[in-house]
Amino acid sequence: MPKLPSSADVTTISPRVASDPGLQAPAAAFESPLGVAAEELAPAVSAFAEVKFRQDKRRDTVDRSDKINQYNQEADEELRRLNTESDLSNEDVLSEFGSFLSQRRQSLIEEHGGSEDSLAALTIRLGDIEATATGRAAGISTKIGRDKVQKTFEDRLGPLGESAAQDPSLENLDKLLSVDAETTISDLSGAFDPSEE
């Protein structure tokens, strides 16, 4: 039959270990040279942890700033390219620009690799840049569209004015105003507000 343990089999526990029942350490650990060294190294370890935290935070900030600048620059370059090579008043071109912004934003977020707080800050900032770039593209698109309509309007009214100058009879003026001018205005009415019409 196995022998049951007695009180003589239980080792004495240091008062430091006894004060923290969750701590699993040998009884003489804190009296050993290694334990004393660990206690003496604790402030240095804490200082090292603080330095590491600051380094990580600085690295995150630098990387985040780099990605913000990169995204700003890429958005500007792509908008300039589309404005030069394509027709921004076309909805498909605007959609292409939106897709480009979305893909680049997601790619930069995935490349960041910083802390959760840094990632959240980067996500918000890139979202702001995307909204601004989209707004600029929409503004340019609207202006291009209005300029096209204005040119068409002026191109169509020019001949009407010449026709009125060549034949100022009431019959001709009535035809020009009631048929030709009304048709021109009707064709372009979606681009003008009522006061402009």
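Applying 0.36 nm per residue to the separation of Q103 and Q55 and subtracting their alpha-carbon distance, the gain on full extension is 14.3 nm. Remark: region 101-141 carries 54 Å² of accessible area per residue (probe radius 1.4 Å; ligands, DNA and RNA excluded). Shown for region 78-178: the carbon plus sulfur share of the solvent-accessible area, taken with all protein chains present and a 1.4 angstrom probe, equals 53%. The simple Förster model, with R0 at 45 Å and r as the Cβ-Cβ distance, assigns V62 and K148 a FRET efficiency of 0.50.
If the segment from E96 to D76 were pulled out straight at 0.36 nm per residue, it would be longer than the present Cα-Cα gap by 5.8 nm.
The values are calculated or read from the model by the stated rules, or taken from the named source; none is laboratory data. Just so we're clear, the structure is a prediction, and the values are computed from it rather than from any experiment. Positions of Cβ are generated from backbone atoms using ideal geometry, with glycine treated the same way; all protein chains shown enter the neighbour counts. Ligands, DNA and RNA are excluded from the accessible area calculation, which covers all protein heavy atoms including side chains. Shrake-Rupley method; radii C 1.70, N 1.55, O 1.52, S 1.80 Å.
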